[in-house]
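**Q** For reference, the structure I am asking about is given below.
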There are 2 protein chains.
Amino acid sequence: MAETRPGDTRERILDAAERLFMAHGYEGTSMRQITSEAQVNLAAVNYHFGSKESLMQEVFRRRLDWLNEERLRVLRALKAEAEGRPLKPSQIVDGFFGTLLRMGSDERRGGMTFLRLLGRTLTEPSEFIRAFLAHEYQEVTDCYKEELFRALPDVPKAEIVWRFHFMLGATAFAIAGTDELRLVTDWQIEADDATDRLDRLLPRLMSFLLGGLRAPLPQFRDAAGDGR
Amino acid sequence: MAETRPGDTRERILDAAERLFMAHGYEGTSMRQITSEAQVNLAAVNYHFGSKESLMQEVFRRRLDWLNEERLRVLRALKAEAEGRPLKPSQIVDGFFGTLLRMGSDERRGGMTFLRLLGRTLTEPSEFIRAFLAHEYQEVTDCYKEELFRALPDVPKAEIVWRFHFMLGATAFAIAGTDELRLVTDWQIEADDATDRLDRLLPRLMSFLLGGLRAPLPQFRDAAGDGR
DNA sequence: CGTTAGTTCATACGTTCGTTTGAATCATAG
DNA sequence: CTATGATTCAAACGAACGTATGAACTAACG
């Protein structure tokens with residue numbers, strides 16, 4: 001067993017693939033781009049990962065395994081503190097989406113690069129990627145959904161599921177295009193680093209998500225008027 | 001000038017491309033798939049559109065030109081009815097996002113196929129696509145943003161822009177994955193046609209968007225508690 | 001030391017990609 | 001009818017794709 005410098009080539013490939021998949025998508029990134037950026041031989045990907053598909057899965061597994069565990073940790077802590085009483089919706093939303101967004105400040109977990117990759121991949125067309133992500137996400141997502149059911153006993157479960165879906169969409173889009181707000185506005189954002197951007201995004205997104213989650217149910221079609 | 005049957009081959013290509021781009025993405029769809037599905041010769045795309053990129057742009061332009069006009073029509077009608085007074089946020093949100101979603105029921109405008117394509121493409125990695133969409137969208141989007149500024153004079157414009165972005169994300173995700181709610185839940189949705197799905201989606205999304213838009217501003221980090 | 005197992009390397013395989021070409025086909029105008 | 005210009009067609013182009021191969025290299029073990 002030689003094991004020259006274990007995890008050196010592998011990690012370099014994963015880092016390069018993460019960056020390139022984020023920038024150009026799965027189909028738009030070639031093995032030659034990846035191995036060139038990682039400064040390893042072309043055959044290294046197939047040697048270490050078997051195929052491009054397996055590489056893609058490993059890129060996500062490396063980050064999502066930690067995210068899943070962290071989310072469960074946070075949820076357990078919240079439930080322990082609540083001592084049997086239902087959690088507040090704001091706690092649940094922050095536990096699920098806040099934990100995700102705070103990943104963007106942690107360079108050891110992929111930082112903004114992975115965050116943006118994940119946001120984009122949730123609407124990725126490739127069949128196997130969506131299937132893989134659904135499988136990786138299902139368990140923890142169900143735990144948080146259950147907690148939302150408990151926190152909002154008067155809201156039909158189906159409505160909560162819809163709104164969870166909407167929250168996921170707003171979050172995915174927000175992290176996928178953070179530095180391309182130009183798509184929706186020409187409002188100039190000062191060029192600062194990703195962490196600062198996250199600091200401004202997080203509280204705003206949280207209040208938006210909570211506002212949407214707690215909006216009046218669409219029974220008779222907005223009888224209340226506008227308000228503000 | 002011969003002009004055999006004008007717009008027959010062209011339309012068939014556009015229809016096939018729309019379907020395939022929706023299902024497999026831009027990079028994941030080949031010219032041979034497109035021409036095969038459209039039952040036209042391989043060279044027909046380059047003859048009629050010049051390149052794959054130009055075809056993609058034409059696929060969107062065919063639908064977005066109408067959407068932009070319709071959105072402006074709706075906005076003008078609302079403003080005429082209001083006679084100078086600011087519009088209600090619910091009117092603006094319905095004018096912008098409701099008009100988009102109702103496109104999904106209109107088979108002549110691409111129906112759900114184009115709607116899902118558009119939702120996915122908003123997070124598409126390809127550079128030229130985002131640039132093109134931003135250009136096509138900018139003008140009308142700015143009009144609606146201006147109207148939101150007027151409707152919510154006490155809310156800082158920057159906050160409105162952020163929330164407009166969040167609303168766009170929730171909408172894009174909702175229409176991109178309508179029949180793949182499984183990503184976030186195993187809740188079974190009965191298999192019905194796209195229009196029925198839209199009927200259930202539209203009021204729910206609208207109330208969510210309005211709830212998010214009118215949520216309390218994130219000043220001191222959610223001092224109000226949860227409520228429901 | 002030599003052996004061995006793990007890793008890297010240059011190179012090539014077969015396929016598919018977007019695009020181009022020039023001849024064949026078609027409908028109309030003169 | 002022939003002539004004309006737009007369209008369709010089969011075929012091919014070079015380039016890039018993901019993957020496979022077998023030899024070279026490296027470091028620890030017996």
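**Q** Determine whether A:Leu64 is touching a helix residue (DSSP H, G or I) at 6+ places or on another chain (Cβ under 6 Å) and not assigned by TED's automatic domain parsing to the domain that holds A:Ile175.
**A** Here the answer is no, as A:Leu64 does not meet what is asked.
**Q** Continuing with this model, one more query. Could you run through region A:200-213 and say how many residues are buried (at least 19 other Cβ atoms within 10 Å of the Cβ) and charged (D, E, K, R)? Walk me through it before giving the result.
**A** Of the residues in region A:200-213, the ones buried (at least 19 other Cβ atoms within 10 Å of the Cβ) are A:201-202, A:204-213.
With charged (D, E, K, R) added as a condition, the list becomes A:204.
Selection size over region A:200-213: 1.
**Q** Within region B:100-131, how many residues are acidic (Asp, Glu) and in a helix (DSSP H, G or I)?
**A** Filtering region B:100-131 down to residues acidic (Asp, Glu) leaves B:106-107, B:124, B:127.
The next check asks that each one be in a helix (DSSP H, G or I); those that pass are B:107, B:127.
Counting residues in region B:100-131 that are acidic (Asp, Glu) and in a helix (DSSP H, G or I) gives 2.
**Q** If you don't mind, there's one more thing I want to ask. Which of the residues belonging to region B:91-117 are hydroxyl-bearing (Ser, Thr, Tyr) and open to solvent by 30 Å² or more (accessible area, probe 1.4 Å)?
**A** First pass over region B:91-117, keeping only residues hydroxyl-bearing (Ser, Thr, Tyr): B:99, B:105, B:113.
If the condition is that a residue be hydroxyl-bearing (Ser, Thr, Tyr) and open to solvent by 30 Å² or more (accessible area, probe 1.4 Å), then B:Ser105, B:Thr113 are the ones that fit.
**Q** Among residues belonging to region B:77-98 that are touching a residue at least 24 places away in the same chain (Cβ under 8 Å) and outside any helix (DSSP H, G or I), point out the one that is nearest to the other protein chains (Cβ to nearest Cβ).
**A** Among residues in region B:77-98 that are touching a residue at least 24 places away in the same chain (Cβ under 8 Å) and outside any helix (DSSP H, G or I), the one nearest to the other protein chains (Cβ to nearest Cβ) is B:Lys88.
**Q** While we're looking at this one, here's another question. When you look at A:Phe60, is it aromatic (Phe, Trp, Tyr) and closer than 27 Å to B:Ile129 by Cβ, yes or no? Spell out how you get there, then give the answer.
**A** Working: aromatic (Phe, Trp, Tyr): yes; closer than 27 Å to B:Ile129 by Cβ: yes.
For A:Phe60, the condition - aromatic (Phe, Trp, Tyr) and closer than 27 Å to B:Ile129 by Cβ - is met.
**Q** Can you tell me which residue is farthest from B:Phe114 (Cα to Cα) among those in region B:8-40 that are within 8 Å of DNA strand C (Cβ to nearest atom) and of a type outside the set (Val, Ile, Thr)?
**A** The extreme case among them is B:Arg32.
Yes/no per residue for (1) surrounded by 13 or more Cβ atoms within 10 Å (Cβ to Cβ); (2) more than 25 Å from the chain's Cα centre (by Cα); (3) within 11 Å of DNA strand D (Cβ to nearest atom):
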| site | (1), (2), (3) |
| --- | --- |
| B:Ile13 | yes, no, yes |
| B:Leu20 | yes, no, no |
| B:Met31 | yes, no, yes |
| B:Ala38 | yes, no, yes |
| B:Asn41 | no, yes, yes |
| B:Leu55 | yes, no, no |
| B:Arg62 | yes, no, no |
| B:Glu69 | no, no, no |
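**Q** Counting just the residues of region B:118-136 that are open to solvent by 20 Å² or more (accessible area, probe 1.4 Å) and out of contact with any helix residue (DSSP H, G or I) (no Cβ under 7 Å at 6 or more places or on another chain), which one comes out farthest from B:Arg85 (Cα to Cα)?
**A** Looking at the filtered set, the residue picked out is B:Glu127.
**Q** Filter region A:78-88 for residues that are surrounded by 12 or more Cβ atoms within 10 Å (Cβ to Cβ) and over 21 Å from the mean Cα position of the chain (by Cα) and give the result.
**A** Step one: list which residues in region A:78-88 are surrounded by 12 or more Cβ atoms within 10 Å (Cβ to Cβ), which gives A:78-79, A:82, A:86-88.
A:Lys79, A:Ala82, A:Pro86, A:Leu87, A:Lys88 - these are the residues of region A:78-88 that are surrounded by 12 or more Cβ atoms within 10 Å (Cβ to Cβ) and over 21 Å from the mean Cα position of the chain (by Cα).
**Q** Can you tell me which residues in region A:147-162 are open to solvent by 10 Å² or more (accessible area, probe 1.4 Å), under 18 Å from A:Leu75 (Cα atoms) and within 11 Å of chain B (Cβ to nearest Cβ)? Talk me through it step by step, then tell me what you get.
**A** To start, the set of residues in region A:147-162 that are open to solvent by 10 Å² or more (accessible area, probe 1.4 Å) comprises A:149-151, A:153-159, A:162.
Narrowing the set further to residues that are under 18 Å from A:Leu75 (Cα atoms) leaves A:149-151.
Across region A:147-162, the qualifying residue is only A:Ala151.
**Q** Out of all the residues in region A:38-48, is one or more in contact with a Phe, Trp or Tyr (Cβ under 8 Å, 6 or more places away or on another chain) and without any contact (Cβ under 8 Å) to a residue 40 or more places away in the chain? Let's see the steps before the verdict.
**A** First pass over region A:38-48, keeping only residues in contact with a Phe, Trp or Tyr (Cβ under 8 Å, 6 or more places away or on another chain): none.
No, the conditions are met nowhere in region A:38-48.
The values are calculated or read from the model by the stated rules, or taken from the named source; none is laboratory data. All values reported here derive from a predicted model rather than from experimental measurement. Cβ atoms come from the backbone with ideal geometry, glycine included; neighbour counts cover every protein chain shown. Side chains are part of the model used for accessible areas, which takes the heavy atoms of the whole protein and leaves out ligands, DNA and RNA. Shrake-Rupley method; radii C 1.70, N 1.55, O 1.52, S 1.80 Å.
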